[in-house]
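The values are calculated or read from the model by the stated rules, or taken from the named source; none is laboratory data. Keep in mind the model is a prediction, meaning the values are calculated, not measured. Quick reminder, even Gly has a Cβ in these numbers, built from the backbone with ideal geometry, and neighbours come from all protein chains shown. For accessibility, only protein heavy atoms count, side chains too; no ligands or nucleic acids. Shrake-Rupley method; radii C 1.70, N 1.55, O 1.52, S 1.80 Å.
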Amino acid sequence: MTAMLHRLVEDVSVEIQSRLPREWLPANEDHAGLIDRLSGSGLLDTDSLMALLLRRADEERIATAFNARPGSRAVSIIQPLVSGEDSQVAAAAMSVLIARGRRRDRYGQPLVELDDLSPEAAALLVHAVAAALCERKPLHVSNSDEEEAVCNAANALLERHDPAKSLDRLTAELVRLLDEGGLLDDGLARLVIDNADMGVLRHLLARRAAIDPANAAAELFSGESRRIMLLLRLARVSREVAGHLFALLGDLLGLGADLHALAIFDSFTEERLAIARSWLGLDLNFKHALKALGHGHGTL
């Protein structure tokens with residue numbers, strides 16, 4: 001998470017400075033100092049940004065651990081879709097592949113891009129970086145005209161922000177097209193599990209459960225058997241697929257050797273599922289606020 005956050009801040013800093021007069025720029029970059037200043041001020045503590053970084057970190061952790069197992073070798077489940085007969089699915093799959101490639105550095109480490117952030121989170125981050133740049137020598141601004149120039153540079157960067165290019169949005173679109181084509185079945189779910197593609201899995205489960213992917217991610221990566229099995233029930237996957245997930249990825253999801261996982265899967269009544277579906281259908285920010293205020297109604 002820290003490495004991805006630092007790289008994102010560095011990228012935003014470089015983009016802003018590229019729009020400023022050269023004489024304002026420092027002779028040597030001090031991204032570490034910039035990040036320390038922002039971290040110390042709390043300006044990087046945006047809930048949606050932290051949630052995004054945590055999701056990417058969880059997906060990467062699980063995929064890395066899965067591939068490190070003897071005999072395990074994940075393959076791309078998206079690549080074959082590019083050459084499929086459905087042109088819309090093929091185009092969407094290609095967009096996801098390109099987006100995934102862009103979110104790796106030269107050493108194969110995961111990245112997040114500004115487009116992956118919500119408009120609100122992107123605006124907070126970009127203006128926080130811009131304000132921090134104003135404090136640096138020789139970029140230290142001394143009048144309102146220079147402050148306005150730095151702010152305008154930040155706004156120019158935000159004008160290019162396009163949430164439609166986020167990896168989440170592109171993956172959700174691919175999953176939507178697969179669903180409309182009747183392909184979002186248990187067979188695909190099993191294939192996704194077999195290759196530990198957690199990015200596709202959470203969108204697949206979210207689509208089948210009719211909930212927001214961010215809510216699905218919160219349950220899938222919760223480390224709690226009850227929440228994960230409830231998500232699978234809401235997504236209407238078979239008991240066989242639930243058992244397959246537990247057997248193949250249960251330890252990586254924090255379930256350990258929970259022998260009661262499938263019993264939990266079987267235990268949910270239709271009434272309990274309806275309550276859970278209502279709760280998980282709420283906006284994640286609203287639920288966080290309810291919990292902070294001490295309200296537990298409908299919680300899982």
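One table, with the values for the structure above:
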| item | result |
| --- | --- |
| Of residues in segment 244-264 being among the hydrophobic types (A, V, I, L, M, F, W, C) and closer than 18 Å to Leu201 by Cα, the one surrounded by the fewest Cβ atoms within 10 Å (Cβ to Cβ) | Ala247 |
| Hits in segment 241-255 (condition: closer than 16 Å to Asp186 by Cα and in contact (Cβ under 8 Å) with a residue 24 or more places away in the chain) | Val241, His244, Leu245, Leu248 |
| Close pairs (8 angstrom Cβ cut-off, 6 or more residues apart or separate chains): basic (Lys, Arg) in segment 148-171, in a helix (DSSP H, G or I) anywhere | Lys165/Ala99; Lys165/Asp115; Arg169/Pro163 |
| Close pairs from segment 206-223: first aliphatic (A, V, I, L, M), partner at pLDDT 95 or above and part of a loop (DSSP other than H, G, I, E, B), Cβ under 6 Å, at least 6 apart | Ala209/Ala235 |
| Pairs, first under 18 Å from Leu220 (Cβ atoms) and of a type in the set (Lys, Arg) in segment 175-193, second assigned to a helix (DSSP H, G or I) and open to solvent by less than 50 Å² (accessible area, probe 1.4 Å), C-beta under 8 Å, six or more apart | Arg190/Val241; Arg190/His244 |
| Residue in segment 113-127 that is of a type in the set (Val, Ile, Thr), in contact with a Ser or Thr (Cβ under 9 Å, 6 or more places away or on another chain) and modelled with pLDDT of 95 or more present | no |
| Val75 being at pLDDT 95 or above and either over 30 Å from Ser41 (Cβ atoms) or part of a helix (DSSP H, G or I) (or both) | no |
| Which listed residue, of Leu234, Leu204, Leu273, is under 30 Å from Ser87 (Cβ atoms), touching a helix residue (DSSP H, G or I) at 6+ places or on another chain (Cβ under 9 Å) and either open to solvent by less than 50 Å² (accessible area, probe 1.4 Å) or of a type in the set (A, V, I, L, M, F, W, C) (or both) | Leu204 |
| Output for segment 78-113, where each listed residue is hydrophobic (A, V, I, L, M, F, W, C), in a helix (DSSP H, G or I) and in contact (Cβ under 8 Å) with a residue 24 or more places away in the chain | Leu81, Val89, Ala92, Ala93, Val96, Ala99 |
| Sole residue being assigned to a loop (DSSP other than H, G, I, E, B) and either within 23 Å of the chain's Cα centre (by Cα) or among the basic types (Lys, Arg) (or both), chosen from Leu248, Leu290, Leu282, Leu259 | Leu282 |
| Condition met for Leu125 (in contact (Cβ under 8 Å) with a residue 60 or more places away in the chain and either more than 18 Å from the chain's Cα centre (by Cα) or assigned to a loop (DSSP other than H, G, I, E, B) (or both)) | no |
| Verdict on Ala196 being touching a helix residue (DSSP H, G or I) at 6+ places or on another chain (Cβ under 6 Å) and on the phi > 0 side of the Ramachandran plot | yes |
